[in-house]
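This report refers to the structure that appears directly beneath it.
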């Protein structure tokens with residue numbers, strides 16, 4: 001019986017994706033210069049991976065249930081401001097929409113399944129994201145620093161995150177435009193003058209609109225850029241994001257591991273469906289103090305990124321040339337080779353290739369070159 005199998009994932013060509021990183025990693029042809037946003041490795045119903053076996057290629061579903069989706073992302077354009085529900089709330093929301101007869105593929109559908117969607121990311125480059133509300137003193141200072149927000153200061157005097165956010169997101173567009181248009185004019189000017197960098201919200205407000213200020217109907221998600229933490233994650237550092245955390249990916253390449261779910265409630269920076277009332281029900285209206293995951297070294301070879309969920313675990317494995325590292329699987333695991341070359345169960349794997357390893361196996365990873373891998377598993 002084979003212990004390891006080559007896995008072939010599915011490319012996702014969303015318009016926010018870059019055109020170079022994933023094709024280069026995967027040795028994929030991209031002469032047409034189309035966006036390669038994500039590479040999915042998992043059993044998601046819309047894009048199940050295919051597995052090479054001695055008896056031909058089969059769906060990953062042949063190997064049983066896998067509770068997570070493993071991905072590589074290349075974020076060139078900003079993603080939507082979003083939050084994910086808890087599992088309990090996902091079950092309730094799904095039932096309500098099913099009872100209401102809303103088709104599962106309807107554009108106004110909020111709940112596509114009954115699962116939560118916690119996620120962990122580990123950066124493959126300098127990576128930028130929005131990650132939870134600013135601490136109260138920082139948010140108060142932000143409202144003071146920008147004259148366009150002075151009219152909102154009274155709303156936050158008691159550190160009322162929900163009151164501030166809900167008020168702004170429910171403003172008539174004509175009113176929000178009066179705040180956001182002069183703000184964007186300042187943002188574009190600041191970037192053109194070179195007086196702000198990626199740590200400043202003006203940088204991202206300018207990027208979203210490509211340096212051109214709309215005359216009206218400005219996306220209210222711009223407000224979130226100014227009241228959420230802007231976090232820089234260095235290569236091989238990580239961030240975990242659980243239910244209720246308002247967040248958005250801004251730029252860079254990353255590994256992502258998440259529970260199998262499509263439940264995303266959006267709050268702007270997107271042409272997709274936005275349901276502010278539903279989103280507000282699920283946001284944790286409290287400050288977030290970003291915690292960067294450096295990873296916990298197990299043995300000098302494997303580094304685990306702590307994830308406080310039962311759905312998935314993620315580790316990084318670095319093996320010197322000529323050395324062997326043995327893993328003992330307690331679940332179906334995936335090994336994504338990022339650098340080098342390794343031999344698993346008699347099969348060679350190069351960068352961009354993925355091995356699926358069966359549960360309850362002892363398997364030696366032999367490094368033919370100095371190698372770096374990411375491993376997904378169920379704890």
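Derivation of every value follows stated rules applied to the coordinates shown; laboratory data play no part. Just so you know, these numbers come straight off a predicted model, no measurement behind them. Don't worry about glycine lacking a Cβ; one is built from the backbone with ideal geometry, like all the others, and counts go over all protein chains shown.
Result for the chain in a Gaussian network model with C-alpha springs under 10 Å: among 58, 342, 357, the largest mean-square fluctuation is at 58. Only alpha carbons enter this Debye calculation for the range 315-379, each as an equal point scatterer, and the log10 of I(q)/I(0) it gives at q = 0.17, 0.22, 0.23 Å⁻¹ is -0.48, -0.83, -0.91. Neighbour counts of other Cβ atoms within 10 Å put 321, 292, 225 in the fewest-to-most order 321, 292, 225. When the helix-only estimate is applied to the chain (DSSP H runs of n ≥ 4, each -39,500 (n - 2.57), divided by the residue count), what is the mean residue ellipticity at 222 nm, nearest 500 deg cm²/dmol? Dividing the helical sum by the residues of the chain leaves -6500 deg cm²/dmol. Between residue 96 and residue 108, the contour length at 0.36 nm per residue exceeds the Cα-Cα span by 3.0 nm.
In plain terms, the residue of 78, 169 with the fewest other Cβ atoms within 10 Å comes first and the most crowded comes last, giving 169, 78. Computed from the Cβ-Cβ distance with R0 of 30 Å, the FRET efficiency linking residue 368 to residue 50 stands at 0.75. Mean silhouette area of the range 219-259, derived from the convex hull of its C-alpha atoms and averaged over all directions, reads 3.8 nm². With N as its number of residues, the range 203-348 has a Cα radius of gyration that, divided by 2.2 N^0.38 Å, comes to 1.35. The calculated FRET efficiency for the pair residue 262 and residue 57, based on their C-beta separation and a Förster distance of 25 Å, comes to about 0.45.
Dividing the mean sequence gap of close Cα pairs (under 8 Å, 6+ apart) by how many residues the chain holds gives a relative contact order of 22 percent.
For the chain, modelled as a GNM whose springs connect Cα atoms under 10 angstrom apart, the maximal fluctuation among 209, 167, 305 occurs at 167.
Of all alpha-carbon pairs in the range 136-228, indicate the percentage at a distance above 16 angstrom. Cα-Cα pairs in the range 136-228 separated by more than 16 Å: 52 percent. Counting only alpha carbon atoms, the long axis of helix 87-99 and the longest principal axis of the chain meet at about 80°. For the chain, the longest principal axis of the Cα atoms and the long axis of helix 173-193 meet at an angle of about 70 degrees. Kindly express, to the nearest 10 degrees and within the range 0 to 90, the angle between helix 136-145's C-alpha long axis and the longest C-alpha principal axis of the chain. Helix 136-145 sits roughly 50 degrees off the main axis of the chain. Compute a Gaussian network model of the chain, connecting alpha carbons closer than 10 Å, and tell me which residue from 196, 213, 188 fluctuates the most. Looking only at 196, 213, 188, the largest GNM fluctuation is found for 196. Both radii are taken from the alpha-carbon atoms of the range 255-322; with Rh as the Kirkwood radius, Rg/Rh is 1.12. Would you work out if the range 12-93 is rounded, prolate or oblate? Take a ≥ b ≥ c from the square roots of the eigenvalues of the alpha-carbon gyration tensor; rounded if a/c is under 1.5, else prolate when a/b is larger than b/c, oblate otherwise. It comes out oblate by the Cα gyration axes.
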